[in-house]
1. To the nearest 20 debye, what charge dipole does the stretch 195-272 have about its Cα centre, counting +1 at the Cβ of each Lys and Arg and -1 at the Cβ of each Asp and Glu?
2. List the residues, sorted by chain then number, that are 5 or more residues from residue 43 or on another chain and whose placed amide H is less than 5 Å from its amide H.
3. Can you bin the chain into rounded, prolate or oblate? Criterion: square roots of the alpha carbon gyration tensor eigenvalues sorted a ≥ b ≥ c, rounded for a/c under 1.5, prolate for a/b above b/c, oblate for the rest.
4. Positive end of the charge dipole of the chain (Lys, Arg +1 and Asp, Glu -1 on Cβ, about the Cα centre): tell me which of 222, 104, 122 has its Cα farthest that way.
5. If you line up the long axis of helix 11-39 against the longest principal axis of the chain, both from Cα atoms, how many degrees apart are they, to the nearest 10?
6. Could you state how much accessible area residue 249 has, in square angstrom rounded to the nearest 10, with a 1.4 Å probe and all protein chains kept in place?
7. What net charge do the residues around residue 152 carry, taking every other residue with its C-beta under 15 Å from that of residue 152, with Lys and Arg at +1 and Asp and Glu at -1?
8. Give me the extension gain from residue 58 to residue 8: residue separation times 0.36 nm, minus the current Cα-Cα distance, reported in nm with one decimal.
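The values are calculated or read from the model by the stated rules, or taken from the named source; none is laboratory data. Note that this is a predicted model, so its numbers are computed, not measured. For neighbour counting, all protein chains shown are included, and Cβ atoms are generated from backbone atoms with ideal geometry for every residue, glycine included. Please note that ligands, DNA and RNA were not included when accessible areas were found on the heavy atoms of the full protein model with its side chains. Shrake-Rupley method; radii C 1.70, N 1.55, O 1.52, S 1.80 Å.
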Amino acid sequence: MSRLMNRKPGRVLHLGLVLLPFALLLLLYLASSQARLADNPNDKLLPSFTQMADAVDRMAFTPDKRTGAYLWWDDTSASLKRLGTGLGIAAVTSLVLGMAMLIPLLRNPLSPLVTVISMIPPLSILPILFIVLGLGELSKVMLIVIGITPVLIRDMQQRVSEIPTELLVKAQTLGANTWQVLIRVVLPQLLPRLLQGLCLALGPAWLFLIAAEAIASTDGLGYRIFLVRRYLAMDVILPYVAWITLLAFIMDRALKGICRALFPWFEPKGAH
């Protein structure tokens, strides 16, 4: 008789176990929503799916009466542009500084500095960013960069320290200089780790973006959520939250797919 910890579900059971918690949450919401609406048809806390569908149609497929814009897609475009810019800057910066950690003369001053910066709560410096950089796009992007870059750099440094010394010695024995070792040995080891790190940084990046948009913005997913909350418009807020979650999930799967395609040796094919 096999132990419970060694029993693995088949394909059908695995799919069922994956869908089970989502189905239970959906049923719980439906039951709670129907109960509240039955007591008070004007209740806004738990809107029905019909109400949320109407809100999505109004936000995504009906032009705004004042601007003529499709607010859902304009907000999505604005947020993704800020998020993509922030992630791109953070990725390049962490990759370059991570490679620099191979060199002791650079690692000794950089490592303590990055460690200290990574301990600063990013949201605590948001007012400073608004004062120094203004309320435009730069401050929002920089919050994402400052929020995730130090952690990514530390992860890159950890990966550099894991590279076998024998590999570095062999490259130098074959005549490689420092630049060649960085490009041909270190860089291929860091790129898949960077993609993995970006997957883990997506959650914090979205958090920093929404916080910045909620405080000082005129568009974006975070801005819209905090704008309609004053009207208790849960029929808009819940679809927006679900949409943000879906976007983050798609980005996560895309990054993992790129990592598996380009670096099959880094991650097992069966990994999810």
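1. 140
2. Amide H to amide H, under 5 Å and 5 or more residues apart or across chains, residue 43 pairs with nothing.
3. Numbers: a/c = 2.71, a/b = 1.51, b/c = 1.80.
Verdict is oblate for the chain.
4. Checked the options; the winner is 104.
5. Around 40 degrees separate the two axes.
6. 120
7. Working: positive: 154, 159, 193; negative: 155.
Net charge in that neighbourhood comes out at +2.
8. Values: separation 50, 0.36 × 50 = 18.00 nm, distance 4.56 nm.
Gain on stretching residue 58 to residue 8: 13.4 nm.
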